[in-house]
Amino acid sequence: LQATQVPAQAVAGQPFLPESLPAAASPPSPSPSPAPLPVPLPPSQSLRIESPGSVDPAEARSLVKGWEESRETRSAPATAGGTSVAASADARVDASSGSAAGTDVAAVAQVAESHGLPPTERQDIEREIARVVRMRAGVYIDKAAHQDLARVVLVTAANFAYWSIYQNWRCAAQRLGLDWAVVANDDEAYKRLGSNHAIPVVGHKVESMVGWGNVKLDYVGWNKMMNVWLIMNLTQLDVVFTDCDNVFLKDPFRHGISLGDLIRSESYDYLYQPELSKRPPKGYKSPGDGGNTGFFFAAGSRKPAMIQALFQAVVIEVDSRIKEKGHGADQNIFWQVFNQMRSSKGKDGPWGFKCAKMCGRNPTCKASSEDTIEYCGMDPFVHPTGWDDADKWVDTIATYHSNYATNEAKIKKLQKVGMWGLWNADTKKCSVKDGS
């Protein structure tokens, strides 16, 4: 695969906003706001502007202040399909004090400022994120038939350089009757996806095909974590995020499949994919201290303030590492933050939760259910990562994440499990049964 050229106006580091947005639907009454987060934004996170073409810090602070004040009088973000709205960003502002019910306003403003994001664009991007994910929530096209997953939204990410890999993933998902939203990491992908599937990013746009260790991939990871955080913050929906090189052989949400059963149990705040380069021995149990952040479930509805705080801490740390060290992979940082929380023994920290309880194990400390993150690993025998011999197990695996490889090497892995070539680039159609 070759990186595809995109329009010259797509400039990395500049926030993207479509030139025109759909007319806002009449907003329904907001649901109750989430409880305040237990800790303030860490004071050590200074407001910095380092993106090309961004405004100077003094002007940015003024803009952010104006943005926060304007939230008191703005209308709520648009929604689609008549679905009731969980607390919008606007509804979470206390008009008497100008402060947020959580730390989301200050934190989002801080990170947005560091990427040179004007408040008027922020408002429109929030509206678009809320509108698109509410339209796609329910995981399936036939939403009426799957009410038990009505609060779950499936999200992937793509740029135009990875367009063929995304289209291949799309054909597999479409065959299974799934519905999803896409984090569009560059302008060309946004244009081709269309405004009813594409989620705009607030950070750096990445137009090229990049591999592990490249800071551009770190920007892609930042965009992912930031958008998952925003989805939960704006809608309190549950999010399943998947990389588009994690292809679905079977419906991962159906009864009898690990991910689907774990979600339907309504017992977990976070589900992760164990990171294993080869098939583990029989009876393997994941230790719970690491996993792949290219395929996970985050429950935005169970303990909304706490899960938002965890992702907030990750977003801020990724942002800080990239600025201070020139790199910051979201996967490593997510688990560093998570393990700091696990080992804190209940001490306050920026991650919201005080204790962690992995499935089948005792909690790391004693705390209320609200203060304890309950999490579990997906079955690694059903949701494998990068096994070179995964073709031996195609009858028993539901998904295959073609990692431990970069770019073209991912395609070879997908070919081995019969999950490449689902998209015909000549006819512009899926070449699998029930695809189009």
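The values are calculated or read from the model by the stated rules, or taken from the named source; none is laboratory data. Values in this document were obtained by computation on a predicted structure and should not be read as measured data. Neighbour counts run over all protein chains shown; Cβ positions are idealised from the backbone, glycine included. Ligands, DNA and RNA are stripped out before the accessible areas are found, and what is left, the full protein with its side chains, is counted by its heavy atoms. Shrake-Rupley method; radii C 1.70, N 1.55, O 1.52, S 1.80 Å.
Sorted by accessible area (1.4 Å probe), largest first, how do ASP330, ASP388 line up? If you can, show how the numbers build up before the last one.
Working: ASP330 15, ASP388 100 Å².
From most exposed to least exposed: ASP388, ASP330.
Cross-link partners among lysines for LYS357, C-alpha distance below 26 Å, same-chain residues fewer than 8 apart left out?
LYS224, LYS282, LYS285, LYS303, LYS345, LYS347, LYS366
Assuming 0.36 nm per residue, please report the length gained on full extension of the stretch ASN424 to TRP393 beyond their Cα-Cα distance. Let's see the in-between values first.
Numbers: separation 31, 0.36 × 31 = 11.16 nm, distance 2.60 nm.
Here the segment from ASN424 to TRP393 would lengthen by 8.6 nm.
For the stretch 293-317, list residues with backbone N below 20 Å from a point placed 7 Å from the Cα of LYS143 toward its Cβ?
Zone members listed by number: 298-302.
With θ set to phi - 60°, apply the Karplus curve 6.51 cos²θ - 1.76 cosθ + 1.60 along the stretch 319-325 and write out the HN-Hα couplings as whole Hz, x wherever there is a Gly or Pro.
Whole-Hz 3J(HN,Hα) from phi for the stretch 319-325: 4, 5, 5, 4, 6, 8, 10.
Please report the spacing between the Cα centers of the stretch 389-421 and the stretch 134-202 in Å, no decimals.
21
In Å and whole numbers, how far do the C-alpha atoms of the stretch 295-380 stretch along each principal axis, longest first?
Principal-axis extents of the stretch 295-380 (Cα, largest first): 38, 32, 24 Å.
Please state the charge dipole magnitude for the stretch 200-353, taken about the Cα centre, from unit charges on C-beta atoms (+1 on K and R, -1 on D and E), reported in debye and rounded to the nearest 20.
Values: 18 positive and 16 negative charges, 80 e Å.
So the magnitude is around 380 debye.
With all protein chains present, how much of the accessible area of the stretch 224-351 (probe radius 1.4 Å) comes from carbon and sulfur, to the nearest whole percent?
Numbers: 1910 of 4110 Å².
Result for the stretch 224-351: 46 percent of the exposed heavy-atom area is carbon or sulfur.
Please list the radius of gyration and Dmax for the stretch 357-436, considering alpha-carbon atoms only, with Å as the unit.
Looking at the stretch 357-436, its Cα Rg and Dmax stand at 18.7, 59 Å.
Using 0.36 nm per residue, how much length does the chain from ASN339 to LYS366 gain when fully extended, once their Cα-Cα distance is taken away? Mind dumping the intermediate values first?
Numbers: separation 27, 0.36 × 27 = 9.72 nm, distance 1.63 nm.
So the chain would gain 8.1 nm between ASN339 and LYS366.
Protein chains only, probe 1.4 Å: how do TRP163, TRP335 rank by accessible area, largest first? Working shown, then result.
Details: TRP163 35, TRP335 15 Å².
These residues rank, largest area first, as TRP163, TRP335.
Stokes-Einstein diffusion coefficient for the stretch 206-319 at 4 °C in a medium of 1.567 mPa s, Rh from the Kirkwood formula over Cα pairs: what value in µm²/s?
Details: Rh = 15.6 Å.
It comes out at roughly 83 µm²/s.
From Cα coordinates alone, what are the radius of gyration and Dmax values for the stretch 276-422 in angstrom?
17.5, 51
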